[in-house]
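Computed from the coordinates by the stated procedures, all read-outs in this text should not be read as laboratory data. Given the structure is predicted, the values throughout are model-derived calculations rather than measurements. Using ideal geometry, Cβ is built from the backbone for each residue, glycine included, and neighbour counts are taken over all protein chains shown.
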Amino acid sequence: MTKHILFPIALVALIIIVLGLVVKKYNPVIFNQPQTKTRVNETNSPKVEIGDTEIEVEIADTEEERANGLSGRDSMDENKGMLFVFPKGSNATFWMKDMKFDIDIIWIRNSKVVKIDKNVKAPTPGTPDNKLTLYPSGQPIDYVLEVNAGFADKKGVKVGDTIILSI
């Protein structure tokens, strides 16, 4: 009689363990995120590594945050940036609406730099929206990293470089 009770209990326990592993592996929040190389971050500040350079980033992962970006800010500290998170394989277009300083736009897919728009100029204040220059990805991307103008050249960032995200 004990065997008849233990077998169903063991079976239920096994099913719970397997389901837990499946949920952990295929959690919808994680499953829908772009695939990229990541490291555990012990400082609570998200960072992006490109070669020997570490950049502390603000994350823009909602439509509203991506739309606002760095608009309205006077400047950004050196080795800091904003990381825009998109659904995997998105095409995106950026503009410099209400920007007050120049930036480099680094386009990323599958943990690699796929395009760099260098020294993108802030528009003259009051420029109408329909006169703003558009900066399209031109290909599917997962992330966009905005950093101060000249960063890519100063740090030797180039197309093909590997990106590691520390979260």
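Computed packing ranks the peptides 78-88, 112-122, 136-146 as 136-146, 78-88, 112-122, most packed first, by mean other Cβ atoms within 10 Å. Residue-wise HN-Hα couplings along the stretch 100-113, as the Karplus relation 6.51 cos²θ - 1.76 cosθ + 1.60 with θ = phi - 60° gives them from phi, are 10, 8, 7, 9, 9, 10, 10, 9, 10, 9, 6, 6, 10, 6 Hz; Gly and Pro carry x. For the residue pairs 80/131; 100/121; 88/118; 97/131, the C-alpha atoms sit more than 20 angstrom apart in 80/131; 88/118.
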